[in-house]
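**Q** So that we are looking at the same thing, I have put the structure below in structure tokens.
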Amino acid sequence: MPKVLSINGTLLFPPARKTIVAAAGLIRRGGLVAFPTETVYGLGADATAGRAVARIFEAKGRPPGKPLIVHVADPGQVRQVTASLPGEALELMHRFWPGPLSLVLPRSAELPPEVSAGLSTVAVRMPAHPVALGLIRAAGVPLAAPSANRSGRLSPTEARHVLEELAGRIEAVLDGGPCTVGVESTVLDLSGARPLILRSGAITRTQLEKALGTEIGCAVKGAGGALSVAPGLHCHRSFLRTPLILVTGPRKRRRALLGALTAGYRRRGFRVVVLPAPPGGRLLAGALFASLRRLDRGALDLILAEGFSPRGVGETVLHRLRQAAVRIIKA
Ligand code: AMP
Ligand code: MG
């Protein structure tokens, strides 16, 4: 067995065959294990054990009405947790799995109600990460896993982020290094009459529309009808401690405004820092969120984030910044 550290009683496993098997043993005994996926770190429990799933809510301080995503190791395992599989689901699984797309489907009656917070549906996805897949296979059960952060905080993209918030509250963390995608999976509801995006994420709406050959709706935060179908969306709070102001508009003008705002706040004694736009307006979501996390830990009064013209997953990153912002100013 490779060297294993213990931080406040939480084991930090390097990724290896033996440690994955040991972590799977903890899961089978009702334990909580955080593991890497391509999007963010997940906090996993045996999805077939109601008591283990309930512990996820305790460890995170997660509101009881917010359902979890079930992670499977192969498309066949989906049948264990769902009641039916529409053709669209098979098509999207074929096209995007393993990958950052969670599908909301009618749930199997055998699944403990805790997993989907009492709803008649369940969200399910197959992650594209060898450590995640190895853990689910070794456990022999699907894993219910939300992001491995305390409720309301930024999703972790490194093992140390998980330990900062959950050491002493969970059995183990499997360290798989930084997550490559760095932003959460897209949640697509296929349980209704028409497909609906409940949470924007790493797979874009355009990609999904192309794959299905039809228009797809988006549940927007605050839109009346969306509240009942997108649990958790309406109770979104900022994941940051430090207030963040987002400055949008054409590049030249927003840069000028950022300069003026920074100087103005500094004159008034504010400790303020600028978070520049990601190069090219896309990807590097993980790097951007890691900088944000670093800034949020520092003794700052204000973060000024620079907006950008989003491309690809940049659209989701910008959406998250908008959600976190206390103010959005257009230059
Ligand atoms: P997290 O894993 O913490 O990033 O959160 C999971 C997201 O998936 C939340 O936004 C949930 O509202 C959403 N979700 C999970 N299961 C369902 C479901 N059965 N119906 C609708 N949304 C779901
Ligand atoms: Mg989360």
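All of the numbers you see were taken from the coordinates with simple rules; none came from a lab. Small disclaimer: the values here were computed from a predicted structure and weren't measured. We place every Cβ from the backbone using ideal geometry, glycine too, and count neighbours over all the protein chains shown.
**Q** Among 76, 25, 176, determine the one that fluctuates most according to a GNM of the chain built with springs between C-alpha atoms less than 10 Å apart.
**A** Of 76, 25, 176, the Gaussian network model singles out 76 as fluctuating most.
**Q** Please list 302-308, 30-36, 266-272 highest first by mean number of surrounding beta-carbon atoms within 10 Å per residue.
**A** Answer by packing, highest mean first, reads 30-36, 302-308, 266-272.
**Q** I've got another one for you. Tally Lys/Arg at +1 and Asp/Glu at -1 over every other residue whose Cβ is under 12 Å from the Cβ of residue 184; what's the total?
**A** Computed value for this residue: +2.
**Q** What number, in percent, do you get for the relative contact order of the chain if the mean sequence gap of Cα pairs under 8 Å and at least 6 apart is divided by its residue count?
**A** 19 percent
**Q** Give me the lysines in straight-line cross-link reach of residue 252: C-alpha distance below 24 Å, same-chain residues under 8 apart excluded.
**A** Within the straight-line cut-off, residue 252 pairs with 330.
**Q** How much length is gained if the chain between residue 218 and residue 18 is pulled fully straight, taking 0.36 nm per residue apart and subtracting their Cα-Cα distance, in nm to one decimal?
**A** 67.7 nm
**Q** Excluding residue 141 itself, calculate the net charge of residues whose Cβ lies under 11 Å from the Cβ of residue 141, where each Lys or Arg counts +1 and each Asp or Glu counts -1.
**A** +1
**Q** Cβ under 13 Å from residue 79's Cβ, residue 79 left aside: what net charge do those residues give with Lys, Arg +1 and Asp, Glu -1?
**A** Summing Lys and Arg as +1 and Asp and Glu as -1 gives -1.
**Q** Can you give the FRET efficiency to the nearest 0.05 for residue 299 and residue 79, using r as the Cβ-Cβ distance and R₀ = 51 Å?
**A** With a Förster radius of 51 Å, E is 0.50.
**Q** Which length gain, in nm to one decimal place, applies between residue 266 and residue 309 when the Cα-Cα distance is subtracted from 0.36 nm times their residue separation?
**A** 12.7 nm
**Q** Right, next: Under 20 Å Cα-Cα from residue 3, which lysines qualify once same-chain neighbours fewer than 8 residues away are excluded?
**A** Here the lysines satisfying the reach criterion relative to residue 3 are 18.
**Q** Another question, if that's okay. Would you list 203, 245, 7 from fewest to most Cβ contacts within 10 Å?
**A** The order, fewest Cβ neighbours first, is 7, 245, 203.
**Q** Follow-up question, since we're still on this one. As a footprinting exposure proxy, order 41, 265 by other Cβ within 10 Å, with the fewest listed first.
**A** Placing the least packed residue first, the sequence is 265, 41.
**Q** Based on DSSP, what percent of beta bridges with both residues in the chain are antiparallel, to the nearest 5?
**A** 40 percent
**Q** Turning to a different aspect of this structure: As I understand it, the value is the acute angle between the Cα axis of helix 130-139 and the longest principal axis of the Cα atoms of the chain; what does it come to in degrees, rounded to 10?
**A** Long axis of 130-139 versus the principal axis of the chain: about 30 degrees.
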